[in-house]
Amino acid sequence: RVSAGAPRAPRGVPTMARWLLLAAVAATPSVLAFLAPGRGARAAPLRAGLDEPGSRRVLAEQSAAALAAAAVASLGTPMPAVAGGRRQLNAASAAGTRVNRDADSLLRLALPINCPEARELQSAVEDIKGDVRVRRFLSAETDVERGLTVIKQKGKALVKAVRADTRDRAQELLVSLETGLDTVRRELGVDAFQGSVQDQDKINNVLAAQRKLSDDLTELQELMVPTGYTVEVPDDFQDLPRLNGRAKVAFTYAKGSPGDKFDVDGVLRDRITVTMVLDGFTAPITAGNILDLVKRGWYNGLTITRSDGFVVQAGDKDPEGTVHGYVPAGKTEERKVPLEIFVKGDTAPMYSMTIEEDQRGYAPTVLPFQAYGAIGMARSEFENDSASSQIFWLLFESDLTPAGKNMLDGRYACAGMAVDNAELLRLVSEGDKIVEAKVLSGAENLKNA
């Protein structure tokens, strides 16, 4: 039975589909060394000729695509086939560590601003995090110097780029960013033996300071969004809830069985909370719909209907019934929202069609499904405008759901990202409960609620 937004595959099919996905992954370039005679999985680069048309490498990659498509079809999930994409700064097509999986970074890159100096500062601040996590301390020191140089030499341009009424705040943020970079530089200078307690403390202290830098940077860039900025929405959808800007919400989860607890790194907890940013800049109708439902208390007490290592999904109050979405008071039918896809380079989202249907199967989206906890709305596979109340969080894994090839971008609207405790979503199982979903900030940006 395929219900609106929450299709379920027949028993036994998910297992088969997972094998197909694993088979597809096995054909990726990182494992293609097995195809070269006499070479193992960790061997040197493949011999010449494997990239030629008709070669084993090309055939393997074609087989991988076919296997992935078969896996999706057999899963019967609300996330159908892959949307292609060229490598972009925020939508890399590669797997592994080269993919930008940082939700805060992706949200910053999706902001409707045009300030090269802000992007230059962003690059320096974000690189600190990446370098420190793999103990490239010298590179991190270089990142710090890059950031300080941008602030000292281009600070006036950064302040000029913000809204006129926020320039005093921008100056304060630049001072805070400079102080934070000095703090990171000082922490990086601590001498510690690799693998020691002091070494781990050093990394933790730098990452804590970088987190503050990241928050300041986000606030600074948000000040650059023009006053009253909105994106164009077709007249047919003007009566739907709409988020002009961004909002922050928190979902609190509990285990479904009495007495069960979440094991968070060895610590048992009755509840866990994940904080999320809903993005009305790139998906005003989709994000507005979710925010409206959170305000109404729709998700409070609902059961998680799906958690399979690919997504966590909820929002259906009666999974075994005939109505699977939100029915407004006084109405007899579900409120549905259109498919909303914002393609990079466009000035507004397109509605009611996928990028393939728009003959742009290669196009990257402004906010891609590329981070753990990316938020989307489930819908019927063959009805673009059938989303109502069921939301999902992508459990992003760059090797199994590679950026630009993850079966979601261009087919589902990415309405936001989990920004705090996203990794805890892995602990949420089918049958667990959403204790409460509440708005933390941005409620004033919701229109038509």
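The phi-based Karplus calculation (6.51 cos²θ - 1.76 cosθ + 1.60; θ = phi - 60°) puts the 3J(HN,Hα) values of region 424-441 at 6, 4, 5, 8, 7, 10, 4, x, 6, 10, 8, 5, 7, 10, 9, 8, 9, 6 Hz, whole numbers, x for Gly and Pro. Relative contact order of region 166-260, taken over Cα pairs closer than 8 Å and 6 or more residues apart, is 29 percent. At the residue level, Arg135 shows approximately 90 square angstrom of accessible surface with a 1.4 angstrom probe and all protein chains present. Entry comment: accessible area of region 193-308 is 43 Å² per residue, from protein heavy atoms only and a probe of 1.4 Å. Ignoring lysines fewer than eight residues from Lys202 along the same chain, the ones with Cα atoms less than 27 angstrom from its Cα are Lys129, Lys152, Lys212. Protein heavy-atom surface of region 256-362, 1.4 angstrom probe: 47% of the accessible area is carbon and sulfur, with nucleic acids and ligands not counted. Within straight-line reach of Lys255, meaning a Cα separation under 24 Å, sit the following lysines at least 8 residues removed in sequence or on another chain: Lys295, Lys317, Lys433, Lys438.
Assuming charge only on the beta carbon of Lys and Arg (+1) and of Asp and Glu (-1), the dipole of region 214-268 about its Cα centre is about 260 debye to the nearest 20.
Put simply, when 201-207, 213-219 are sorted by average Cβ atoms within 10 angstrom per residue, most first, you get 213-219, 201-207. Dipole check for region 152-242: with +1 at the C-beta of Lys and Arg, -1 at the C-beta of Asp and Glu, and the Cα centre as origin, the magnitude is about 540 Debye. With a 1.4 Å probe rolled over the protein heavy atoms of all chains, the accessible area of Tyr412, Tyr372 falls in the order Tyr372, Tyr412, largest first. A straight Cα-to-Cα reach below 23 Å connects Lys344 with the lysines Lys405, residues fewer than 8 places away in its own chain not being considered.
Ranked by the mean number of other Cβ atoms within 10 Å of their residues, highest first, the peptides 231-237, 385-391 fall in the order 385-391, 231-237.
For region 317-433, the solvent-accessible area with a 1.4 angstrom probe is 38 square angstrom per residue. The charge dipole of region 114-199, taken about its Cα centre with unit charges on the Cβ atoms of Lys, Arg (+1), Asp and Glu (-1) only, comes to about 340 debye. Peptides 434-443, 321-330 ranked from most to least packed by the mean count of surrounding Cβ atoms within 10 Å: 434-443, 321-330. The residues neighbouring Val264, those whose beta-carbon lies less than 15 Å from its own, together hold a net charge of -2 under the Lys/Arg +1, Asp/Glu -1 convention. Ranking Gly228, Phe262, Gln238 by how far each Cα lies toward the positive end of the dipole of region 201-264 (charges on Cβ) leaves Phe262 at the top.
Under the criterion of Cα pairs below 8 Å and six or more residues apart, the relative contact order for region 304-449 equals 29 percent.
The values are calculated or read from the model by the stated rules, or taken from the named source; none is laboratory data. All values reported here derive from a predicted model rather than from experimental measurement. Every residue, glycine as well, gets a Cβ built from its backbone with ideal geometry; the counts of neighbours run over all protein chains shown. Side chains included, ligands, DNA and RNA excluded: accessible areas come from the protein's heavy atoms. Shrake-Rupley method; radii C 1.70, N 1.55, O 1.52, S 1.80 Å.
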